[in-house]
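> A single structure is presented below for examination.
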Amino acid sequence: AGGVMHCFSGSWEMARELVRLGFYISLAGPVTFPNANRLAEVARRLPPDRLLVETDCPYLAPVPYRGRRNEPAHVRLVAQTVAGLREVPCEELAEQAAQNAARIFRLPGAVHA
């Protein structure tokens, strides 16, 4: 098994089971929404080696662009939110997510765990 759960919107319990099955969990704009308590829990508890961030362009723009067309550059806002929830520097989170993406998509320079 394995793969990527794109634009994940489920519970921590679901995420935990998916990780157990070898999936990566990708968080998008909704994690920035004020009432996204379930996603905040997922963001805090996910193992770092299973975390991805994305935008889901052109949909689900993060706060403060919610309701407008999403753009690739907004991934920074998703990463900042997730880093804040995890209490790690955004640069650290971005590097981890980049390594995870490189690994799952077999990109050059991937560090295999």
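The values are calculated or read from the model by the stated rules, or taken from the named source; none is laboratory data. These numbers come from a predicted model, not from an experiment. Cβ: placed from backbone, ideal geometry, glycine included. Neighbour counts: every protein chain shown.
> So which residues in the range 8-32 are of a type in the set (Ser, Thr, Tyr) and out of contact with any Ser or Thr (no Cβ under 9 Å at 6 or more places or on another chain), if there are any at all?
Scanning the range 8-32 gives SER9, SER11, TYR24, SER26.
Every residue, every condition in (1) on the phi > 0 side of the Ramachandran plot; (2) out of contact with any strand residue (DSSP E or B) (no Cβ under 9 Å at 6 or more places or on another chain); (3) at pLDDT 95 or above, yes or no:
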| position | (1), (2), (3) |
| --- | --- |
| PHE33 | no, yes, yes |
| ARG38 | no, yes, yes |
| ARG45 | no, yes, yes |
| LEU52 | no, no, yes |
| CYS57 | no, yes, no |
| PRO62 | no, yes, yes |
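> Suppose the filter is among the polar types (S, T, N, Q), modelled with pLDDT of 95 or more and under 22 Å from GLY109 (Cβ atoms); does SER11 pass it?
No, not satisfied.
> Identify all residues within the range 52-72 that are in contact with a Ser or Thr (Cβ under 8 Å, 6 or more places away or on another chain) and within 21 Å of GLN96 (Cα to Cα); write none if there are none.
LEU52, VAL53, GLU54, PRO62, PRO72
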